[in-house]
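One structure is given here, and the rest of the page talks about it.
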Amino acid sequence: MKKLLLSLILALPLMLTFTGCSDDDDLPEVNVTFTFQNAVAKNGVIYAVESKPFGISNIVTRAANSDKDAALANVYFYWNYIPAPSITWSPLPIYISLEKMPLVENGANRLGLEATVLEVDKTMSHCYMEVPIVVVDSEEDLPAGAELGTAVYTISIRPYDD
């Protein structure tokens with residue numbers, strides 16, 4: 001009897017190895033909406049003025065195909081592909097001093113976010129997304145008729161096939 005019990009106890013970890021928790025193909029589909037301050041949204045690009053306080057006041061994540069809760073977790077920010085810990089560990093709202101950031105010569109900068117994507121009843125996933133940000137010298141360099149204010153930018157995150 002002791003040998004049978006010992007055999008069952010030794011086999012238990014092996015049996016647990018083959019059990020699955022969820023379907024790996026059931027990945028989250030979410031929309032991530034950013035709200036920027038002192039910015040302009042035009043033709044899929046965010047514009048900001050280098051000398052003005054530019055900020056992210058809100059990031060909202062919503063499930064794309066249901067009313068279930070969704071969220072981003074473990075968010076890391078990048079500015080022009082360089083890790084930006086000063087942004088990463090700040091609570092919202094975040095204000096970014098563009099004068100202190102490394103800027104691309106043509107003004108076409110990238111605010112990147114790397115994050116874990118969560119949605120109720122879906123497999124946890126990981127994503128990288130970018131927001132194109134054109135930094136101009138003055139308000140006169142903004143697109144015609146544009147004024148600094150609140151700008152909204154939405155990114156859709158969808159699973160892809162290999």
Run the Debye formula on the Cα coordinates of region 23-157, all scatterers equal and no solvent, and tell me log10 I(q)/I(0) at q = 0.13 1/Å.
-0.56
Hey, can you grab everything whose amide H is under 5 Å from the amide H of Ala64? Only 5+ residues off in sequence or another chain; H modelled, so Pro and N-termini drop out.
Glu29, Val30, Asn31
Test of understanding: what is the full-extension gain from Val45 to Ile59, defined as 0.36 nm times their sequence separation minus their Cα-Cα distance?
3.4 nm
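Laboratory data are not the source of any read-out in this text; all were calculated from the coordinates shown. Treat the numbers as computed from the prediction; the structure is a model and nothing was measured.
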